[in-house]
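K.L.:
This structure is in structure tokens; I'll ask about it shortly.
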Amino acid sequence: MINSIKLTAFVICFSTFTIMANAAKQNTCPHLLTNSSMVVNIEGKFINEERNRTNLSIEWRHHNNTLDTFFVNLYDSPSFRFITSGSYRYMEIGENKIKRQLGLHHLKENIGKTPLKLDDLELLANGYFKCPDSTKQKPSNNVLATANSMMWWSLVIDSLPHPDKAVMHGAQKTSRYFAISNWKSYAGEQLPTLVNIASNDYSGNIWIRSAYPAHALESDPLRTPSVKPKILLPVPKLFGRIAMEGERKIPLILKLNKQLLGE
């Protein structure tokens, strides 16, 4: 009898969880920074919570139908790759590509010693936000509530589609402020060129170094080092230890001695 009650309770809980998960999935409205498969190179410099200078560079490979990959290069911590599909994610750390599976709770971790979080990459890649409440007569289009974020609850922007200012509110009464200097077209996609980021504990700047379609990955002139043409010099012939070109000529003094000895 007790076992049957436990089984019934488990079935009810599982069914409720499934219904809530499906409802949450149906009410998710992705808001992506770019809708195209692109490669975006990002640079960032910060004063972190410890009042130390720190920076990073990120190559974000965004794909519509496959996994998103972030190549994160840090100058004071091991570099890594962050790969996410939205439903699962993992990291490859260092040159040996040590694999680390990540759960949702891991997204609260900082990226190296910078103030950025792994959750920022997850949100940037998948853009999971809740759909506006259709029951409200005047739904607020400039308030975006995050759907699957472990760190942030909402993103408030001043205008659409290209805001100048934005605020993120999150766990432990955390707030982050953005001031966007300019928007620029990269291969038909409008992206912010320079973003000032600040909170009560840190500040910094993030800017886009370059961006281009994913199929033109090798076209970034800043990623491809310039190769100088090799200059081919004539190889000198060796005679003893002295490098000389052509046959060695007999010095004049030896010619005179030969004439004197021959007489």
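The values are calculated or read from the model by the stated rules, or taken from the named source; none is laboratory data. Because the structure is a prediction, the values reported are computed rather than measured. Note that each Cβ is placed from the backbone with ideal geometry, even for glycine, and that neighbours are counted across all protein chains shown. Surface accessibility is based on the protein's heavy atoms, side chains included, excluding ligands, DNA and RNA. Shrake-Rupley method; radii C 1.70, N 1.55, O 1.52, S 1.80 Å.
K.L.:
Of the residues Ala187, Ala198, Ala211, only one is at positive phi and either at pLDDT below 70 or touching a Phe, Trp or Tyr at 6+ places or on another chain (Cβ under 7 Å) (or both); which?
P.N.:
Exactly one of Ala187, Ala198, Ala211 is at positive phi and either at pLDDT below 70 or touching a Phe, Trp or Tyr at 6+ places or on another chain (Cβ under 7 Å) (or both), namely Ala187.
K.L.:
From the residues in segment 60-76 that are in contact (Cβ under 8 Å) with a residue 24 or more places away in the chain and under 10 Å from the mean Cα position of the chain (by Cα), which one is nearest to Lys113 (Cα to Cα)?
P.N.:
Step by step, filter segment 60-76, then rank; the result is Val72.
K.L.:
Now for a different question. Among the numbered conditions (1) within 20 Å of Ser36 (Cβ to Cβ); (2) open to solvent by less than 40 Å² (accessible area, probe 1.4 Å); (3) in a strand (DSSP E or B), tell me where Arg61 comes up short.
P.N.:
Condition (2) is where Arg61 drops out.
K.L.:
Moving to a separate point now. Cβ-Cβ distance below 8 Å, separation of 6 or more or different chains: which pairs start in segment 94-107 with a residue that is more than 18 Å from Met150 (Cα to Cα) and polar (S, T, N, Q) and end on one that is part of a loop (DSSP other than H, G, I, E, B) and open to solvent by 40 Å² or more (accessible area, probe 1.4 Å)?
P.N.:
none
K.L.:
Sort out which residues of segment 100-130 are touching a Pro at 6+ places or on another chain (Cβ under 9 Å), assigned to a loop (DSSP other than H, G, I, E, B) and modelled with pLDDT under 95, and write them in order of number.
P.N.:
Gly127, Tyr128
K.L.:
Right, here's the next one. Scan Leu123, Leu144, Leu118 and give me the residue that is open to solvent by less than 60 Å² (accessible area, probe 1.4 Å), touching a His at 6+ places or on another chain (Cβ under 7 Å) and closer than 20 Å to Asn35 by Cα.
P.N.:
Matching residue, one of Leu123, Leu144, Leu118: Leu144.
K.L.:
While we're looking at this one, here's another question. Checking Gly170 against (1) open to solvent by 20 Å² or more (accessible area, probe 1.4 Å); (2) farther than 27 Å from Arg209 by Cα: exactly one of these is not met. Which one?
P.N.:
Here Gly170 clears every test but (1).
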